[in-house]
Amino acid sequence: MLTRKQHELLMFIHERIKESGVSPSFDEMKEALDLASKSGIHRLITALEERGFIRRLAHRARALEVVKLPQQATTASPPKGRGTFKPQVVEGGGAPASMNDGASSAPANDTRELPILGKIAAGTPIDAIQHERDRLPVPESMLGSGEHYVLEVQGDSMIEAGILDGDYVIIKKGDTATSGEIVVALVGEEATLKRLRKKGGSIALEAANPKYETRIFGPDQVEVQGKLVGLIRRYH
């Protein structure tokens, strides 16, 4: 799975090559993505190259070739050192069918309608995610057995895990999780989406953004409400 900036850069390079036959300059890429320096572009290009989306052509100036574009359904790899969780991602161009005015809410044969229970962010009151506000068709291939529900992500606390503001996360209900999994955790009366780490007799809830500190709790202070199994992203 690509981050938002990686996806933006890949599509910018693709469109520029399609229009002119030449890949854009680093200055053009920096300006298009509104980055402060070229070093950020270098990092993005390296990440895209490592993931097999682009290739540098030897002995040619400004020589980048787009090898492939993101597929409709992909499997994301976790950041290094961040556990073994691999969520499935479905990327779409519009709102889910049940959320479009006048659209049919009948799911296709290979989908299952799941309840959307609200938005999840750091410190979301548990009352805010206990009541169904809509339904979302989700591919059966993302689910498997068990009971599932959907939450809309609000905020940037999990961006380095590839979970962006506005994404819909698919949660499998359950009260257990292994260390390194991303979970909906209940702390007191507040719910949050974080990576769970078991450290001795304590439980750490890690954000995937260096702006936010890891929070440490006693084992009796955290209740797992479910774990992340996939997400759906809309492009407007």
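Does Ser77 satisfy being at pLDDT 80 or above and of a type in the set (Gly, Ala, Ser)? Considered against the rule, which asks whether it is at pLDDT 80 or above and of a type in the set (Gly, Ala, Ser), Ser77 comes out as no.
Rundown of residues vs (1) crowded, with 17+ Cβ neighbours inside 10 Å; (2) more than 12 Å from the chain's Cα centre (by Cα); (3) in a loop (DSSP other than H, G, I, E, B); (4) polar (S, T, N, Q), yes/no style:
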| position | (1), (2), (3), (4) |
| --- | --- |
| Asp127 | no, yes, no, no |
| Ile163 | yes, no, yes, no |
| Leu186 | yes, yes, no, no |
| Arg195 | yes, yes, no, no |
| Leu205 | yes, yes, no, no |
| Ala208 | yes, no, yes, no |
| Asp220 | no, yes, yes, no |
| Gly226 | yes, yes, no, no |
| Leu231 | yes, no, no, no |
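Suppose the filter is of a type outside the set (A, V, I, L, M, F, W, C), within 30 Å of Val187 (Cβ to Cβ) and at pLDDT below 55; does Pro96 pass it? Criteria met by Pro96. Condition first: free of Cβ contacts under 8 Å to residues at least 40 places away in the same chain, open to solvent by 40 Å² or more (accessible area, probe 1.4 Å) and outside any loop (DSSP other than H, G, I, E, B). Can you find one or more residues in segment 147-154 that meet it? The answer is no, given that none of the residues of segment 147-154 is free of Cβ contacts under 8 Å to residues at least 40 places away in the same chain, open to solvent by 40 Å² or more (accessible area, probe 1.4 Å) and outside any loop (DSSP other than H, G, I, E, B). Could you list, in sequence order, all residues of segment 12-29 that are free of Cβ contacts under 8 Å to residues at least 24 places away in the same chain and within 21 Å of Val67 (Cα to Cα)? Correct list: Phe12, Glu15, Arg16, Lys18, Glu19, Ser20, Gly21, Phe26, Glu28, Met29. Between a first residue in segment 194-221 that is over 22 Å from Ala161 (Cα atoms) and free of Cβ contacts under 8 Å to residues at least 24 places away in the same chain and a second residue that is surrounded by 16 or more Cβ atoms within 10 Å (Cβ to Cβ) and not acidic (Asp, Glu), which pairs have beta carbons less than 7 Å apart while being 6 or more apart in sequence or on different chains? Listed by first residue and then by second, the contacts come to Pro219/Ile203.
Counting residues in segment 40-52 that are within 24 Å of Leu231 (Cα to Cα) and surrounded by fewer than 13 Cβ atoms within 10 Å (Cβ to Cβ) gives one or more.
The values are calculated or read from the model by the stated rules, or taken from the named source; none is laboratory data. Note that the structure is a prediction, hence the values are computed from the model and not measured. Neighbour counts are summed over all protein chains in view; Cβ atoms, including those assigned to glycine, are modelled from backbone coordinates with ideal geometry. Ligands, DNA and RNA are excluded from the accessible area calculation, which covers all protein heavy atoms including side chains. Shrake-Rupley method; radii C 1.70, N 1.55, O 1.52, S 1.80 Å.
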